[in-house]
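Following: one structure in C-alpha cells, then a few remarks.
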Amino acid sequence: MSHKKHPPANAAVEIRSLAADGSTYVGIAKHFKVAKETLNRWLEEDIDLAEAFEQGKDEERYKLHNALSRKALGGDIVAAMFLLKCRHGYDDKAAQHTNVNVGVSVAPSVLVMHSHGSDEGWEARSVAQQRDLVANAANPPKQIEATIEPPAYVPFVESAPAWMPAHLIKATPQTAPEAPEWRGNA
C-alpha cells in the first residue's frame with residue numbers, strides 16, 4: 001500500500017503564483033512540504049499543474065524582460081548589453097577572437113622562432129635555423145652582446161646616521177656581510 005501525497009485542490013493557482021514570483025522548482029516543492037521528486041510527479045501526472053508552472057515562469061520572464069528593457073532604454077548600459085547579448089546574439093568579445101596577420105620583414109640573420117611547442121621541438125628547430133643562418137657566409141648572424149658590470153659593493157658604514165631609528169639598523173660591524181663574490185660573465 002503506497003502513501004503517495006496528492007496535490008491540494010488549489011495547487012495550480014499556487015504553483016503559477018509561486019513560479020511568477022520567481023520561486024525555484026525546489027522552492028515550490030518546499031512550499032507544499034514535499035520532495036522535488038513529488039512535485040515532479042505531480043507535474044508529470046497533471047497537465048493543468050504543468051501548464052500552471054510554465055505560465056508562472058512565462059509571467060516572471062515577461063516581468064523581468066520588461067523591467068530590464070525599461071532600464072536599458074532608460075540608459076543603463078549594462079542592461080542594454082545584457083539584452084543585446086541574450087536576445088540578439090551580440091558578442092562584444094568577437095573582436096578579441098579575430099586573427100590578424102601582419103607581415104613583418106625580418107633580416108635573414110635574425111633567429112625567429114614561432115610556436116616552438118615542446119622543448120625538444122624548440123631545440124631541433126632552433127639548431128636547424130641557426131645552421132641555416134650560419135651557412136649563409138655572406139651575411140652571418142649578428143651576435144647580440146651586452147656587458148654587465150657587477151654591482152658595486154657598498155661597504156658597511158661603521159655607524160648609522162643619527163636620524164635612523166634603532167629598529168631599522170639591522171647589521172652591526174660584527175654581523176656585516178663580506179663583499180659578495182661576483183659570478184657574472186663580465
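Data for the structure
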quantity	calculated
Of Lys57/Lys85; Lys63/Lys85; Lys4/Lys30; Lys33/Lys71, pairs whose Cα-Cα distance is over 27 Å	Lys33/Lys71
Net +/- balance of residues flanking Ala11 in space, Cβ distance below 10 Å, scoring K and R +1, D and E -1	-2
Most to least packed among 120-126, 20-26 [average Cβ atoms within 10 Å]	20-26, 120-126
Efficiency of FRET from Cβ geometry, Ala135 and Met81, R₀ 41 Å, rounded to 0.05	0.15
Under 14 Å, Cβ to Cβ, from Asp21 - net charge with Lys/Arg +1 and Asp/Glu -1	+1
P(r), alpha carbons of the stretch 11-93 - 5 Å bins starting at zero, rounded %	3, 15, 19, 17, 11, 10, 11, 9, 4, 0
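Read-outs: derived from the displayed coordinates by stated rules, not from any lab. Remember, it's a predicted structure, so these values are computed and weren't measured experimentally. All Cβ positions, glycine included, derive from the backbone under ideal geometry; neighbour counts span all protein chains shown.
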